[in-house]
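One structure below.
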Amino acid sequence: VIAFRDVLRAADRAAIERITQSSGFFSPAELLVALEVFDDALRDAASGYRFHLAEVDGAVVGYACWGKDTLTESSFELYWIAIDDGWRGHGIGRRLGRRAEAAVLDEAPAGAQLFAETAGREQYLPTRRFYEREGYRQVAVLPDYYAPGDDMVVYCKRLSPGLPQRLP
Ligand SMILES: CC(C)(COP(=O)(O)OP(=O)(O)OC[C@H]1O[C@@H](n2cnc3c(N)ncnc32)[C@H](O)[C@@H]1OP(=O)(O)O)[C@@H](O)C(=O)NCCC(=O)NCCS
């Protein structure tokens, strides 16, 4: 049974660490940032970072974290989305992403758009496919952004209030 929640508990920190590491996609520095963001969000609900967690039989197996880009009217960023290695391909990432979209729409019904930054290298091909399947468009490539030969690829999804965004 998959359940979702968006209120954090202190015990979720270990799950965030485990899931982020299990992905094999994030560097130790990126893991530290993910945990710092979690700590901020746990301490202060107004931190600007919002989390959605997916649980299977009470164990957290995936999460998404998003927030509003400061100094913009209705641009939001999906900072992290990660599913435990053993739970990928079961529709959990899609459902987490849709929950984030619905929450963004609650905050900015008009003109909301959700950005996701990812990498252009081969390892991230599945990630890019995921965004494309979810209706994100590639809007920019920043050549050699992360390192020489390692581009940033920016995806964007424009959110429409009329569409059913939230999946069961
Ligand atoms: C990318 C990620 C979040 C996707 O979550 P998921 O639960 O595995 O994906 P879902 O099962 O919800 O799939 C949703 C859609 O994306 C597609 N998709 C997911 N993984 C894919 C893959 N490896 N290759 C191609 N398409 C993929 C699915 O086919 C599905 O589309 P469809 O139903 O129309 O066929 C997850 O695989 C993950 O944690 N990856 C590692 C971390 C990462 O890259 N995070 C993003 C940081 S930039």
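What follows draws every value from the coordinates through simple rules; no lab data is involved. From a predicted model like this one, the values you see are computed outputs, not experimental measurements. Using ideal geometry, Cβ is built from the backbone for each residue, glycine included, and neighbour counts are taken over all protein chains shown.
Which of the GluC sites (Glu not before Pro) across the range 1-53 are loop residues per DSSP, with 15 or fewer other Cβ within 10 Å? Nothing satisfies the criteria.
Remark: spin-label model distance I2-L32 equals 3.4 nm, labels positioned 7 Å along the Cα→Cβ axis. Based on the convex hull around the alpha carbon atoms, the range 87-168 presents an average projected area of 6.0 nm².
Mind listing which trypsin sites (Lys or Arg not before Pro) in the range 97-130 are in a DSSP loop and have 15 or fewer other Cβ atoms within 10 Å? Mind dumping the intermediate values first?
Working: sites: R98, R99, R121, R128, R129; in loops: R121.
Qualifying residues, ordered by number: R121.
In this Cβ point-charge picture (+1 for Lys and Arg, -1 for Asp and Glu), the chain has a dipole of about 660 debye about its Cα centre. Legend: calculated FRET efficiency, E132 to A46, from the Cβ-Cβ distance at R0 = 35 Å, rounded to 0.05, equals 0.55. Positive-end ranking of F25, A116, Y49 along the dipole of the range 11-168, with charges on Cβ about the Cα centre, is headed by A116. Extents of the chain, largest first, come to 40, 37, 31 Å (Cα atoms, principal axes, whole angstrom).
Candidate membrane-span-like segments in the chain, meaning DSSP H helices with Cα atoms spread over at least 18 Å of their own axis and a Kyte-Doolittle mean of -0.5 or above, are 28-43, 92-107, with no membrane implied. Dividing the radius of gyration of the alpha carbons in the range 20-87 by their Kirkwood radius gives 0.99 for Rg/Rh.
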